[in-house]
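Trainee: The following block contains the structure, expressed as structure tokens.
Just so it is clear, none of the values below were taken in a lab; they were calculated from the coordinates. The structure presented is a predicted model; accordingly, all values stated were derived computationally and were not measured. Heads up, the Cβs are rebuilt from the backbone with ideal geometry, glycines too, and the neighbour counts pull from every protein chain shown.
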């Protein structure tokens with residue numbers, strides 16, 4: 001789809017608990033049921049989902065930046081960064097846009113929001129897409145720590161020593177974590193522009209409060225969380241990718 005062929009879009013802000021979130025609808029005149037997208041994080045932005053604009057010739061595709069990052073407001077209130085508030089935010093966005101029937105897509109952290117939303121408020125949700133799903137903190141840590149063991153010994157020892165000593169804010173820990181990201185977050189180097197731009201507008205404070213210092217260390221308020229036991233409560237079709 002060329003720039004000239006892009007379907008019309010609309011963007012604005014929605015008031016949610018704690019501030020305003022930015023949203024964009026691509027394909028506002030398309031006839032299919034809307035697709036509401038939930039990006040990764042916590043503290044990420046919708047830029048990583050831009051490829052989904054290709055679906056806008058069939059249906060409106062709705063992107064929004066969760067509160068605290070991207071184009072949305074960044075309130076200085078750490079009490080806002082909880083799973084329940086982010087799930088409530090999904091409902092406020094949905095209701096503000098009058099989405100009576102729609103499809104829901106969650107990527108990474110967004111898949112946890114999508115799954116939890118569907119167990120609490122499935123009214124009008126026609127189907128759910130869980131992309132690169134993050135549904136269980138224990139499972140995530142098991143998998144990422146297996147990947148950590150594949151790092152060069154010197155880097156792995158740097159990570160483990162800083163975690164033991166509680167110095168995960170050190171420069172050497174950050175550099176070691178960046179090497180993990182280089183091998184497992186994005187394999188294209190230098191990072192594509194969309195990845196670089198997303199990192200620039202991320203909110204690392206939210207990530208640290210809710211998750212922790214790195215992908216393989218969860219010390220935040222999501223520690224131990226696991227939604228897999230609730231998946232049987234979802235009554236609409238679910239696609240995993």
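Trainee: Of the residues 71, 204, 98, which exhibits the maximal mean-square fluctuation in a Gaussian network model of the chain defined by a 10 Å Cα contact cut-off?
Mentor: Among 71, 204, 98, the largest mean-square fluctuation in the Gaussian network model of the chain belongs to 98.
Trainee: In vacuo Debye scattering of segment 139-202, one point per C-alpha: log10 I(q)/I(0) at q = 0.15, 0.27 Å⁻¹?
Mentor: Once normalised to I(0) and log-transformed, intensities are -0.54, -1.17.
Trainee: Return an integer: the convex hull volume of the alpha-carbon atoms of segment 82-231, in Å³ per residue.
Mentor: Roughly 129 Å³ of hull volume per residue.
Trainee: Here's something else I'd like to know. Using only C-alpha positions, report the orientation-averaged shadow area of the convex hull of segment 183-225, nm², one decimal.
Mentor: Numbers: hull surface 14.4 nm².
Hull-based average projected area comes out at 3.6 nm².
Trainee: Right, something else. Pairs of alpha-carbon atoms within less than 8 angstrom and 6+ residues apart define the contacts here; what relative contact order does the chain have, in percent?
Mentor: 22
Trainee: If you don't mind, another one. Which distance in nm do the two modelled labels at residue 169 and residue 51 give, with both placed 7 Å along the Cα-to-Cβ direction?
Mentor: Inter-label distance under the simple model: 3.7 nm.
Trainee: Treat the count of other C-beta atoms within 10 Å as a stand-in for reagent exposure and order 74, 101 from fewest to most. Walk me through the intermediate numbers first.
Mentor: On the way: 74 15, 101 10.
Fewest-to-most ranking of 74, 101: 101, 74.
Trainee: Among 46, 111, 131, whose mean-square fluctuation peaks in a Gaussian network model of the chain (Cα, cutoff 10 Å)?
Mentor: Looking only at 46, 111, 131, the biggest GNM fluctuation is shown by 131.
Trainee: Inverting the mean 1/r over all pairs of different Cα atoms, compute the Kirkwood radius of segment 41-91 and quote it in Å.
Mentor: Computed over segment 41-91, the radius equals 12.3 Å.
Trainee: Which distance in nm do the two modelled labels at residue 189 and residue 205 give, with both placed 7 Å along the Cα-to-Cβ direction?
Mentor: According to this spin-label approximation, the distance is 3.2 nm.
Trainee: Rank the residues 235, 37, 219 as a footprinting-exposure proxy: fewest other Cβ atoms within 10 Å of their Cβ go first.
Mentor: Details: 235 10, 37 23, 219 15.
With the sparsest Cβ surroundings first, the list reads 235, 219, 37.
Trainee: Please work out the FRET efficiency for the pair residue 29 and residue 197, using the Cβ-Cβ distance as r and a Förster radius of 22 Å; give the result to the nearest 0.05.
Mentor: Working: r = 27 Å, r/R0 = 1.24.
With a Förster radius of 22 Å, E is 0.20.
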